[in-house]
Structure formats: C-alpha cells, structure tokens
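The values are calculated or read from the model by the stated rules, or taken from the named source; none is laboratory data. No experiment lies behind these values; they were computed from the predicted model shown. Backbone-built Cβ (ideal geometry, glycine too); neighbour counts: all protein chains shown.
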Amino acid sequence: MGSIAEEWIEQGFARGEARGKAAGIAEGKAETVLRLIQLNFGDLSSERSELVRKATTDQLDHWLEALLNAEALDDVFGTFRSH
C-alpha cells in the first residue's frame with residue numbers, strides 16, 4: 001500500500017490526464033467545426049475563428065448539429081443560447 005503522498009500524486013496525474021483528454025476532444029471538435037464551415041461557407045473571420053476555438057464543448061456540439069442543415073453562417077452561430 002502506498003503512502004498518502006503517493007496516492008495524492010496518483011490522483012493528480014489522473015486529474016491531469018482527464019483534463020488533457022477533455023481539452024484534446026474540445027480542440028478536435030473546434031477544428032471540425034472550422035473545417036466544415038470553410039467547406040460549406042468559405043473562410044471564416046478571425047474573430048469568429050477565435051470564438052470557435054474558445055467555445056465550450058456544449059457550444060461546439062450545438063454548432064456541429066446546426067451545420068447539418070445550415071444554409072448560412074447565421075444559421076450556425078445564431079442558434080445557440082447559453083444558459
């Protein structure tokens with residue numbers, strides 16, 4: 001059995017790994033949103049690109065779904081209301 005310090009270190013590594021994994025998933029979703037927008041509507045302004053890169057996973061999921069039927073960028077970005 002490990003010491004308390006070893007257990008804390010293990011817990012810290014586990015938390016760090018989970019955070020890293022979550023950040024990687026969010027980054028991948030953001031890149032997917034940006035790529036789909038570029039393919040469907042052309043280049044995105046740097047302001048909106050930054051908005052996508054800083055978005056929450058809930059926002060990114062919503063935008064990915066909105067992109068399925070969007071006819072214009074406003075159909076994508078104009079549909080999310082944060083709580």
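To keep it simple, each residue is scored yes or no on (1) at pLDDT below 90; (2) hydroxyl-bearing (S, T, Y).
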{"position": "A5", "(1), (2)": "yes, no"}
{"position": "V33", "(1), (2)": "no, no"}
{"position": "S45", "(1), (2)": "no, yes"}
{"position": "D75", "(1), (2)": "no, no"}
{"position": "T79", "(1), (2)": "yes, yes"}
Quiz item: Which members of the range 2-46 meet the condition of being under 18 Å from D75 (Cβ atoms) and more than 11 Å from the chain's Cα centre (by Cα)?
Solution: R35, L36, I37, Q38, L39, N40, F41, G42, D43, L44, S45
